[in-house]
Every structure is written in C-alpha cells, then in structure tokens.
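Everything below concerns the one structure shown next.
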Amino acid sequence: MENGNKEVVVYCASSGKIDQLYFDAASKLGELLAKEGITCVNGAGSEGLMGALNDAVLENGGKVKGIIPQFMVDAGWGHKRLTEMIVTATIHERKAAMAKSADAVIALPGGIGTLEELAEIITWRQLGLYHNPVIILNINDYYQPLLTFLEKMIDEKFMKDVYRELWQVAITPQEAVDLVHSAPDWNPGYTKYD
C-alpha cells in the first residue's frame with residue numbers, strides 16, 4: 001500500500017498537565033505522519049497530546065480523521081479544524097470505527113482510556129479480529145511497567161510466547177513510523193486455544 005493511502009490510528013492522552021517531552025513526541029509524530037502522507041486517525045480531541053498531535057499534522061499539511069462520540073461533541077471536546085470528523089453514537093462505535101480504519105495503531109503515552117484502547121486492540125489482534133501492526137511508543141520508558149507485566153503474563157503461561165509478536169515497541173516517533181511500514185501483520189496459523 002502506498003504511504004499516502006495509509007491511515008494510522010494514534011491513541012494518546014488528552015491531559016494537558018504532563019511533561020513537555022510527551023508533547024514534543026506527539027508533535028514530532030504528527031509532523032512525521034504528515035510528511036509521509038499518512039492520515040492520522042484519533043479521537044478528535046483538542047487538548048493534551050491529542051491536540052498537539054492534531055495541530056502538528058495539520059500545520060505540516062497532513063490530514064486528520066477524528067472519530068468522536070456525540071457526548072464528547074456536546075461537551076465541546078472536539079478539535080475544530082480537522083480534515084474529517086466522524087461522530088458516533090457511542091464510545092464503543094468510535095473504537096470499532098477507529099480499528100476499521102487502521103492500517104496500523106500507535107500508542108503514545110496516555111491515561112486509563114489509552115491503556116484500555118491499547119489492551120483492546122492487542123486482544124483483537126490476538127483473536128484474529130485485527131491483523132495490522134500495533135506499535136507501543138515507549139517515550140521516556142513510560143510503558144516499561146506495562147511491558148514488564150506483559151512479560152509476566154507470558155512467563156506465568158497466561159499468554160503464549162508467540163504473543164510477544166502482537167505488539168512492537170518503538171523508542172522514538174521516527175521508529176514508530178518506520179514500524180508502520182515494516183512491522184509484520186498478524187496472521188496466526190492456530191487458534192487461541194491450540
């Protein structure tokens with residue numbers, strides 16, 4: 001697939017009270033996606049890392065597709081300048097629409113909502129419902145406790161060894177974008193319970 005046809009979902013924080021280094025990473029990721037002609041798909045927010053990401057994509061001539069549930073529109077949380085805005089009835093419909101769009105997923109640091117979205121897309125990948133790359137952008141070792149916990153799940157046989165292939169880890173925004181192009185799709189030749 002050509003770069004310009006790719007759509008990459010980015011999960012990330014909407015909090016504005018976090019360290020500047022996370023904002024810098026979100027802005028750099030937005031710049032890189034725009035320069036590669038990759039459409040950024042996210043929750044359409046205007047605050048926090050999502051706002052910084054969206055602003056950077058747009059400032060660099062890129063496209064942002066925001067997918068947001070109606071109650072968040074009503075609360076005034078939506079970004080006003082996105083290339084495309086899709087409004088869903090529920091948050092569940094939003095997540096399904098985002099996954100359907102995604103040629104890859106990148107998880108920037110975030111809170112419980114980001115963690116929930118990341119866990120769900122990894123689960124969908126494990127079950128064969130989503131086949132494209134899932135990339136954890138481990139800025140400042142933010143996700144290290146999660147990665148350690150995932151290893152514990154594997155070590156204690158709650159997950160198979162091969163499930164380490166469900167996600168890729170990047171340290172920089174450039175590495176994350178490179179993985180969009182090079183990470184393998186997930187097509188397990190067995191079922192979860194083999």
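Taken together, the values in this text are just the output of simple stated rules run on the coordinates, not laboratory data. What you are looking at is a predicted structure, and each value in this text was computed from that prediction instead of being measured. We place every Cβ from the backbone using ideal geometry, glycine too, and count neighbours over all the protein chains shown.
Looking at the stretch 3-180, what % of its DSSP beta bridges pair antiparallel, to the nearest 5?
Antiparallel: roughly 5 percent of the beta bridges in the stretch 3-180.
Nearest 20 debye, what's the magnitude of the dipole of the chain about its Cα centre given +1 on Lys and Arg Cβ and -1 on Asp and Glu Cβ?
Dipole magnitude for the chain comes out near 360 debye.
Which order results if THR172, THR148 are arranged by neighbouring Cβ count within 10 Å, fewest first?
THR148, THR172
Report, to the nearest 10°, how far helix 112-126 tilts away from the longest principal axis of the Cα atoms in the chain, using its own Cα long axis and a range of 0 to 90°.
50 degrees
Order these by the 10 Å Cβ neighbour count, fewest first: ILE86, ILE122, ILE135.
Final ranking by Cβ density, sparse to dense: ILE86, ILE122, ILE135.
Tabulate in residue order the Karplus-calculated ³J(HN,Hα) for the stretch 10-16, using 6.51 cos²θ - 1.76 cosθ + 1.60 with θ = phi - 60°, rounded to whole Hz; enter x for Gly and Pro.
Each residue of the stretch 10-16 in turn: 10, 8, 6, 6, 9, 6, x Hz.
If you filter the stretch 136-168 for chymotrypsin sites (Phe, Trp or Tyr not before Pro), then keep DSSP loop positions with at most 11 other Cβ within 10 Å, what is left?
PHE158
Hey, fewest Cβ within 10 Å first, where do MET50, MET98 land in order?
With the sparsest Cβ surroundings first, the list reads MET98, MET50.
Report the full-extension gain for the segment ASN60 to GLU175: residue separation times 0.36 nm, less the Cα-Cα distance, to one decimal in nm.
Once the chain is fully extended between ASN60 and GLU175, it gains 39.5 nm.
Among the listed pairs LYS6/LYS152; LYS100/LYS160; LYS35/LYS65, which have their C-alpha atoms separated by more than 22 angstrom in this model?
LYS6/LYS152; LYS100/LYS160
Aspartates and glutamates near LYS80 by alpha-carbon distance under 13 Å, same-chain residues fewer than 8 away left out - which ones?
Within reach: GLU47, ASP55.
Just flag the GluC sites (Glu not before Pro) in the stretch 1-68 sitting in loop per DSSP whose Cβ has no more than 10 other Cβ atoms within 10 Å.
GLU2
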